[in-house]
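This report refers to the structure that appears directly beneath it.
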Amino acid sequence: MSGMSEYRDLVHELARLESDTSAGAERAQRRLARGRESVEKLRGDLDEEVASLAEGCAALRRPVPDLAPEPVAGEELDEVVRGARVRLREASDARLAAMRAAQRPTFLPRVHHILRELLIYGAVMAACLLGQVLWLGATGGGDSTWWVMFLPPVLAALIGYVLVGAANKPRMPMHDRAGRPIKPVVPHNPRLGVTLAVVTMAMFAYFAFFA
């Protein structure tokens, strides 16, 4: 009787082990299936990020970084998922950097717009004053002095205004999520141009009437 009891116990233990093994295999299969789905989703997201990044870099004429997933030896699923997530994060960061670069102005993108406008208006007014002084030296002044004192600085201020608008525009047109273009907000300070024009007039008047 004891032998039969031990036999039944062994049969029961074997059945339990087979059941545990089967359940463990099913859990492993489910875990593997979920892992593969995660990998496929990550790869799809990575492809979208790389496509967006390539489009932005092409518009900005910047090189596209190599974000292709590195091959992982064997079937180390955790390593594949971890590597895919790292690459996806790198692609997102690189795309964000490219978009931020695209939002910067064309001329001197890293400086404040006031300094940029001051440089542009200043350069235009300096050229205007140089032209006025050369005219004054060539003609010695005369009845046209008043016209030369006022008109060129006014024209220079208008030219500076146009140049400032072009220099402050982003290098790449931006679009919303629906693909519609977003009109860029371009800062202008026409009072700066007017102020420099008045200064130019005063300097020319000094050379024409007092120097």
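The values are calculated or read from the model by the stated rules, or taken from the named source; none is laboratory data. What you see is a predicted model, and the numbers here were worked out from it, not measured in a lab. Every residue, glycine among them, receives a Cβ derived from its backbone with ideal geometry; neighbour counts consider all protein chains shown.
Taken as a whole, the condition of being among the small types (Gly, Ala, Ser), surrounded by fewer than 17 Cβ atoms within 10 Å (Cβ to Cβ), touching a helix residue (DSSP H, G or I) at 6+ places or on another chain (Cβ under 9 Å) and modelled with pLDDT of 70 or more applies to Gly122.
Residues are listed down the side, and each one gets a yes or a no for (1) more than 30 Å from Ser144 (Cα to Cα); (2) modelled with pLDDT under 75; (3) exposed (fewer than 14 other Cβ atoms within 10 Å of the Cβ); (4) not assigned by TED's automatic domain parsing to the domain that holds Leu118:
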| site | (1), (2), (3), (4) |
| --- | --- |
| Asn168 | yes, no, no, no |
| Ala178 | yes, yes, yes, no |
| Ile182 | yes, yes, yes, no |
| Ala197 | no, no, no, no |
| Met201 | no, no, no, no |
| Ala205 | no, no, no, no |
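Listed by first and then second residue, the pairs linking a residue in segment 195-211 that is touching a residue at least 40 places away in the same chain (Cβ under 8 Å) to a residue that is not in a helix (DSSP H, G or I), with Cβ atoms under 7 Å apart and 6 or more places separating them unless they lie on different chains, are Ala208/Gly141.
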